[in-house]
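Note sheet for the following structure.
FYI, it's all coordinate maths here, none of it is from the lab. Remember, it's a predicted structure, so these values are computed and weren't measured experimentally. Positions of Cβ are generated from backbone atoms using ideal geometry, with glycine treated the same way; all protein chains shown enter the neighbour counts.
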Amino acid sequence: MFRLSGRGKLAVTCLISVTAAINAHAQQFKTLVTFDESNGSTPYFTSLIQGSDGDLYGTTALGGINRHGTVFKITTDGTLTVLYSFTGGTDGDGPYAGLLLGSDGNFYGTTVGGGTYRYGTIFRITLQGKLKTLHSLALSDGVDPYAPLVQGSDGSLYGTATAGGANAHGTIFKITPAGTFIVLHSFEGVDGNQPTSGLVQATDGNFYGTTYQGGPDNGHHGTVFKMTPDGVVNSLHSFDYTDGAFPQAGLIQDSDGNFYGTTQQGGNLSCNAPYGCGTVFRITPDGVVTTLYSFCSQSKCTDGFFPYAGVIKGADGSFYGTTAFGGGHILANGGTLFRLTSDGVLTTLHRFAISGDVPYGGLFQDVSGEVFGTTTYGGNSGCGFCGTIFRMNFGLGSVF
């Protein structure tokens, strides 16, 4: 399981739950599925993805009939089907990341355990649930692939591993749909450490991403990097707390050519002092960072804090995302769903409670314009709160 630094464990203990009116947008919020362990449990860093059949697909890190995680599909009205339950053996154990829909119509994903060497796997699964292990990760390949894969313009799949590799700081790898695997880069610490997020291939053909820790001069607060298709990595920015720290999620590229992302900590250093509660930032392709918003800028952190997931961009020009904690809900500080304008004005659209809370995974918008996501915890108290899938309509039609 992914382990945060001690700084990341302060969480809600410093906050006081308050009675708060739920934003009117929350009336458009609906819980579609409550996991009960038999159908999966704990969708961790999962972002849903839509298949060619119109259904949504995702993973749970735990649960299923074998209790080692699942691949599932869900209709947009909430009917869930488990396509595959991992055994914990050579097929893998613990699919923490979401899926990639490949150009061949199949889904591709990763597990953080299992496989031949017990360090995880890369797999392909059909819409009908037939799974094939493409590669079993060895320590030299990189281990703990917590992020989804991305398909490059060359048809190959690119991904990251949080640890392992030649320097034990994580790797970037490439694998063909047929299973030919190579390590493109092993992080050295000064250029980054623990790449927990996936990559994005930009309009210039290069890949961009983040590392959770690392950076020059022992500044272990995380980086943004660029990688050429053949594996040459250049660090674009190292975070220093004031502009953010510990970017858990990846980046998106906007039509303006810039990249947008979040940091889990940093920013407003009076919150979780002296480490901060997270930011949304913009970075240019040459590495100039602008902080768009620092979380816990509102009284009692009603705007949320610790954004684990990245943001998505709406056709209205705003960004949408989640925080894993905060919000000031009367029942729990279980996170928020927010809208952020390009000039930094934040509106909280929903505050999560124990009926579904701690949304570690990102948001996904389907072709109808509705937004879907998961909460890692909350929901069914009978299984220790196994997580949920939710839908939200912002009332904007086709948002993205």
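Could you state the number of Å between the C-alpha centres of segment 174-201 and segment 301-353?
Taking the Cα centre of each part, segment 301-353 and segment 174-201 sit 29 Å apart.
Please give me the summed charge of the neighbours of residue 80: other residues whose Cβ is under 12 Å from its Cβ, Lys and Arg +1, Asp and Glu -1.
-2
Top mean-square fluctuation among 200, 367, 183, Gaussian network model of the chain, C-alpha springs under 10 Å?
Of the options given, 367 has the highest mean-square fluctuation.
Which of the lysines could a cross-linker span from residue 30 if the Cα-Cα distance has to be under 23 Å and same-chain partners fewer than 8 positions apart are dropped?
In chain and number order, the partners are 73, 313.
I need the calculated FRET efficiency for the pair residue 393 and residue 341, taking r as the beta carbon distance and R₀ as 22 Å, to the nearest 0.05.
0.65
Between residue 36 and residue 104, what is the label-point separation in nm under the 7 Å Cα-to-beta-carbon projection?
Result for the modelled spin labels: 3.7 nm.
Calculated from the structure, Kirkwood radius over Cα pairs in Å equals which of (i) 21.2; (ii) 20.6; (iii) 26.7?
Of the labelled values, this structure produces (ii).
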